[in-house]
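The values are calculated or read from the model by the stated rules, or taken from the named source; none is laboratory data. None of these values were measured; they are calculated from a predicted model. Virtual Cβ from ideal backbone geometry, glycine too; neighbours counted across all protein chains shown. Keep in mind that these areas ignore ligands, DNA and RNA; they rest on the heavy atoms of the full protein, side chains included. Shrake-Rupley method; radii C 1.70, N 1.55, O 1.52, S 1.80 Å.
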Amino acid sequence: MMKKWGKACGCFFDVVKNESIFILKDEGVMLILFGAIFIYSTLYSMAYHNQVVRNEPIAVVDLDRTPASRALIRAVDATPQVRVRYEVPSLHEAERLFFDRKIYGCLLVPYDYEKDILSGRQAFVSMYADAGYFLMYKQMLAAASDVVEAENVRIETADFVSAGMSDEMAEALAEPVVPVPVVLYNTIEGYATFVMPAIMILILQQALLLSIGMIGGTFRERKLYCRLVDVDGKPYSVFNVVVGKALAYFLFCLLICIVVFGIYYKLFHYPDRGAFVEVALFFIPYLLSVIFLALTVSALFRYRETAVLVWVAWSIPFLLFSGVSFPKEGMPEWFYTFGKLIPSSNAIDGFIRMEVMGATLEEVFEQYRMLWILTGVYFLSAMIALQIRLRREIPACFGEKS
């Protein structure tokens, strides 16, 4: 009995050792598993480091040319969102600057702007903004609306004071309700803080799927399944093969996670409100579910290039399923349900709640439980897929019919 267990353990560690060697010797896999993760994490983090869009160039068409219109333009220019780069005589000239990509918006102050204000009539100001970039569009509209709102309060306050009211009463009547926005989690309202935690989870998943898929294709190309036999020529048990391969990738992933979520998070000041132990426990089923999913599908690949074609094509759907690019509440129910079968969809939801919102493992138990379910399902599917592959490949190595 002890001899049998010793032989099984020897086969298991042999699989772990050989798989680790394949990973280290495969330049393409090393480039994806380590190079791509660090390169993409660095590039995205550096690109989004400024967090918010500032000082967007706009043009101004001042048709009124009065002290009131000039005061409005100065107020808009003083906002952090935009900078008035050009003052042009017409919208046609502003349109030319826009198509030359010198500006991304235009503020139009119409004729009789000051006259309408002084006469008590409603004045209008138009902001033309480039909606091709939603972040820039939002910043330009926010700058214009904030200035116009402040100008409305100032004008109404002056009117009430001229009617004989005290300054305090005039201010209260001009602005009876003062909104006080309280940002709970993404306090700087930055794009990097919003998107990078999810992107890093997706990058890790894609790197694992590509790496394991490429090695799976290499095994079939070079008939490396023939090595998964013991000294007696008997195939290793499929359990040893699946768990051994998974352990090899899991150990490499631990190193990657330490660097990416340890160093990068501190370096670029991403929110880190989750307890370290609980976040680590949350990552265990996520990594295992991705690894077992990749092992399942890799058994189908005949060539290593097939993994690249398949998983790169699925990268955009994975992003959609995660709910990062579009809220899950706006998705069809079947689309959202199907997305739950992807490990990253559950991991991103739970990870953001823990790291950005400070949730505990108990509070993300639904996502945690789903990841363990996926781990079990994909483990069984990996067992079945590799069992079929071993039965077909190993007999062929010795000239036997499968």
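Structure summary
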read-out: Candidates ALA123, ALA150, filtered to the one that is assigned to a loop (DSSP other than H, G, I, E, B) and more than 30 Å from SER325 (Cα to Cα); value: ALA123
read-out: Qualifying position, being aliphatic (A, V, I, L, M), modelled with pLDDT under 85 and either open to solvent by 30 Å² or more (accessible area, probe 1.4 Å) or over 30 Å from TYR185 (Cα atoms) (or both), among LEU255, LEU247, LEU293, LEU228; value: LEU228
read-out: Filter result for the condition that a residue is closer than 22 Å to PHE239 by Cα, modelled with pLDDT of 90 or more and assigned to a helix (DSSP H, G or I), over LEU390, LEU371; value: LEU371
read-out: Single residue of SER166, SER162, SER145, SER119 found to be out of contact with any helix residue (DSSP H, G or I) (no Cβ under 8 Å at 6 or more places or on another chain), modelled with pLDDT of 85 or more and at negative phi; value: SER145
read-out: PHE99, sole failed condition from (1) farther than 22 Å from ALA71 by Cα; (2) at pLDDT below 85; (3) not basic (Lys, Arg); value: (2)
read-out: Qualifying position, being out of contact with any helix residue (DSSP H, G or I) (no Cβ under 8 Å at 6 or more places or on another chain) and either of a type outside the set (D, E, K, R) or surrounded by 18 or more Cβ atoms within 10 Å (Cβ to Cβ) (or both), among GLY339, GLY330, GLY350; value: GLY330
read-out: Search result, residues across the stretch 323-348 that are in a loop (DSSP other than H, G, I, E, B) and of a type in the set (Lys, Arg); value: LYS340
read-out: Condition broken by LEU97, with the remaining ones in (1) over 26 Å from GLU189 (Cβ atoms); (2) out of contact with any strand residue (DSSP E or B) (no Cβ under 6 Å at 6 or more places or on another chain) satisfied; value: (2)
read-out: Within the stretch 96-120, tally of residues that are open to solvent by 50 Å² or more (accessible area, probe 1.4 Å), more than 26 Å from SER162 (Cα to Cα) and part of a helix (DSSP H, G or I); value: 3
read-out: Matching residues in the stretch 296-311 - criterion: being out of contact with any Lys or Arg (no Cβ under 6 Å at 6 or more places or on another chain) and either open to solvent by 50 Å² or more (accessible area, probe 1.4 Å) or of a type in the set (A, V, I, L, M, F, W, C) (or both); value: VAL297, LEU300, PHE301, TYR303, GLU305, ALA307, VAL308, LEU309, VAL310, TRP311
read-out: Test result for THR360, open to solvent by less than 60 Å² (accessible area, probe 1.4 Å) and either touching a Pro at 6+ places or on another chain (Cβ under 6 Å) or at pLDDT below 85 (or both); value: no
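For every residue, the table says whether it meets (1) of a type outside the set (A, V, I, L, M); (2) closer than 23 Å to HIS92 by Cβ.
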{"residue": "ILE103", "(1), (2)": "no, yes"}
{"residue": "CYS106", "(1), (2)": "yes, yes"}
{"residue": "ASP112", "(1), (2)": "yes, yes"}
{"residue": "SER119", "(1), (2)": "yes, no"}
{"residue": "PHE124", "(1), (2)": "yes, yes"}
{"residue": "ALA142", "(1), (2)": "no, no"}
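Residue by residue, here is whether (1) touching a helix residue (DSSP H, G or I) at 6+ places or on another chain (Cβ under 6 Å); (2) charged (D, E, K, R); (3) within 30 Å of LEU210 (Cα to Cα); (4) open to solvent by less than 80 Å² (accessible area, probe 1.4 Å) holds:
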position: ILE39; (1), (2), (3), (4): no, no, yes, no
position: ASN50; (1), (2), (3), (4): no, no, no, no
position: LEU63; (1), (2), (3), (4): no, no, no, yes
position: ARG70; (1), (2), (3), (4): no, yes, no, no
position: PRO80; (1), (2), (3), (4): no, no, no, yes
position: ARG83; (1), (2), (3), (4): no, yes, no, yes
position: LEU91; (1), (2), (3), (4): no, no, no, yes
position: ALA94; (1), (2), (3), (4): no, no, no, yes
